[in-house]
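Encoded as structure tokens, the structure appears first; notes follow it.
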Amino acid sequence: MCIRNSRLERERITIRVMIEIYCRGNHDSKENLCADCQQLYDYAMQRIDRCPYQDDKPTCAKCPIHCYRPDMREKVRRVMRYAGPRMIFSHPILTILHYVDEITRRNTVNIV
């Protein structure tokens, strides 16, 4: 994994890793995501692809636009609560970059 990826590419990688950690820990998935987690991943990728901020995108916690449906938002929250603390052990650089993005991204971004 290259850490020089664009902000959105890192976001895609981060959510994928988090869903994989969650799925392995909660659904006993070994190599592939279970159907439910794959659906969540596909949905998250659609939302990232349609993000009006693109590379200026803040982290989801700091974003003024809540683009996830309420049910999917709750699933992603569950995944992040479970996988977030575990990420530091399996993907420390990605975790640090995510926290740096969270700290350095502005709370509001102007849409052009």
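Only the coordinates and a few stated rules stand behind these numbers; no lab work does. The structure presented is a predicted model; accordingly, all values stated were derived computationally and were not measured. When we count neighbours, we look across all protein chains shown, and the Cβ atoms used for this are built from the backbone with ideal geometry, even at glycine.
A compact table of results
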read-out: Ordering of 48-54, 16-22 by packing [mean C-beta count within 10 Å, highest first]; value: 16-22, 48-54
read-out: Estimated distance in nm for a label pair at Asp28 and Leu8, the labels positioned 7 Å out from Cα along Cα-to-Cβ; value: 3.9 nm
read-out: Zero-based 10 Å bins, Cα pair distances in the chain, whole percents; value: 14, 47, 34, 5, 0
read-out: Structure-based [θ]222 nm, the chain - -39500 (n - 2.57) summed over DSSP H runs of at least 4, per residue, nearest 500; value: -21000 deg cm²/dmol
read-out: From phi via Karplus (6.51, -1.76, 1.60), per-residue ³J(HN,Hα) for segment 90-100 in Hz, x at Gly/Pro; value: 9, 9, x, 5, 4, 5, 5, 4, 5, 5, 5
read-out: Relative contact order for the chain, counting Cα pairs under 8 Å that sit 6 or more residues apart, in percent; value: 38 percent
read-out: Karplus (6.51, -1.76, 1.60) ³J(HN,Hα), θ = phi - 60°, over segment 65-78, in Hz, Gly and Pro reported as x; value: 9, 9, 8, 8, 4, x, 5, 6, 4, 5, 5, 5, 4, 4
read-out: Straight-distance crosslink candidates among lysines, where the alpha carbon sits under 19 Å from Lys30 and sequence neighbours closer than 8 are dropped; value: none
